[in-house]
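Input: a single structure, listed below in structure tokens.
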Amino acid sequence: MSIKENLKNIKSSIPEHVTLVAVSKTKPVSDLMEAYHAGQRIFGENKIQEMANKFGDMPKDIEWHMIGHVQRNKVKYMADFVSLIHGVDNFKLLQEINKQAKKHNRIIDCLFQIKIASEDSKFGMSFEDASEILQSTKVLELKNIRITGVMGMATFTDDESQIKNEFNRLKFIFNALKALQIDNCKLQTISMGMSGDYPLAIECGSTMIRVGSSIFGLRNYSNKSN
Ligand SMILES: *Cc1c(COP(=O)(O)O)cnc(C)c1O
């Protein structure tokens, strides 16, 4: 099936309140343009340099989401255009995003990545880390960022009940952070669900899914390091 058909099928199967991020990492601009011509305007990448190159090559009415782990020293390469950073997992990173956003006179939306998977390889904060940052007075000084929600990745497993537990946990953490009622902080996004598990994620309360291979086909990593 074509990218256009894949997109259409996914779009028609998800509720309207759920945002679809087309994860285009490793894929050529021609594939992204096919999705663009089919109406897709939100793309997710996990490498800052790759995202910046694609930003340069593509129409300017696209929302670019950084979904990968972010190194502080590379924030500057996306600060002028990125719309949402999903993988914020520490306060120093938030400070750097704020500093770079300020240089461009922008406000950058950020999600707190929460560790819900059992694998050590997955990044993320605990609920305690996230609530401590949200409640700190230091975060109020960061006028050029906005924390708009949470993001999580479930364990890579066939065990659906485990995945469901992890998604439910993220939803629970989202509600608990929301209940803190921090001034100027409007939590609204729960980014969870990928090609293999997005229907389950939506059942568990996801408002934003990040889908790659079900749109663009399998990725070929044979000559890449990620
Ligand atoms: C690659 C990636 C996705 C998309 O994965 P698919 O299984 O191809 O849909 C989603 N989220 C993150 C953080 C990713 O790195």
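Inspect all residues belonging to segment 193-213 and state whether any of them is under 18 Å from V70 (Cβ atoms), within 16 Å of the ligand (Cβ to nearest atom) and of a type in the set (D, E, K, R).
So far as segment 193-213 goes, yes, one or more of its residues are under 18 Å from V70 (Cβ atoms), within 16 Å of the ligand (Cβ to nearest atom) and of a type in the set (D, E, K, R).
Looking only at segment 168-226, how many residues end up being surrounded by 12 or more Cβ atoms within 10 Å (Cβ to Cβ), of a type in the set (D, E) and in a loop (DSSP other than H, G, I, E, B)? Steps first, answer last, please.
Step one: filter segment 168-226 for residues surrounded by 12 or more Cβ atoms within 10 Å (Cβ to Cβ), giving 168-178, 180, 182, 185, 187, 189-217, 219.
Subset that is of a type in the set (D, E): 197, 203.
Right, trim to in a loop (DSSP other than H, G, I, E, B) and you get 197.
Adding up the residues that qualify gives 1.
Are there any pairs, at least 6 apart or on different chains, whose C-beta atoms fall under 6 Å, with the first in segment 177-198 and touching a residue at least 60 places away in the same chain (Cβ under 8 Å) and the second more than 16 Å from the ligand (Cβ to nearest atom) and β-branched (V, I, T), and if so, which?
T189/T148
If you take the residues of segment 79-102 that are assigned to a loop (DSSP other than H, G, I, E, B) and closer than 21 Å to L140 by Cβ, which of them is least open to solvent (accessible area, probe 1.4 Å)? So that I can check it myself, show each step before the final result.
Residues of segment 79-102 that are assigned to a loop (DSSP other than H, G, I, E, B), as a first pass: 79-83, 89-90.
Filter once more, keeping what is closer than 21 Å to L140 by Cβ: 79, 89-90.
Numbers: A79: 1, D89: 30, N90: 60 Å².
It comes out as A79.
E63 - would you say it is open to solvent by less than 10 Å² (accessible area, probe 1.4 Å) and under 18 Å from the mean Cα position of the chain (by Cα)?
Numbers: open to solvent by less than 10 Å² (accessible area, probe 1.4 Å): no; under 18 Å from the mean Cα position of the chain (by Cα): yes.
Criteria not met by E63.
Conditions first: (1) touching a Gly at 6+ places or on another chain (Cβ under 9 Å); (2) modelled with pLDDT of 95 or more; (3) within 14 Å of the ligand (Cβ to nearest atom). A117 passes all but one, so which condition is the exception?
(2)
Could you please let me know if M125 is aliphatic (A, V, I, L, M) and open to solvent by less than 20 Å² (accessible area, probe 1.4 Å)? I'd like the intermediate steps shown before the answer.
Working: aliphatic (A, V, I, L, M): yes; open to solvent by less than 20 Å² (accessible area, probe 1.4 Å): yes.
So M125 passes the test.
The values are calculated or read from the model by the stated rules, or taken from the named source; none is laboratory data. Note that the structure is predicted; figures quoted are calculated from it, not measured. Heads up, the Cβs are rebuilt from the backbone with ideal geometry, glycines too, and the neighbour counts pull from every protein chain shown. Quick note on the areas: whole protein, heavy atoms, side chains included, nothing else; ligands and nucleic acids left out. Shrake-Rupley method; radii C 1.70, N 1.55, O 1.52, S 1.80 Å.
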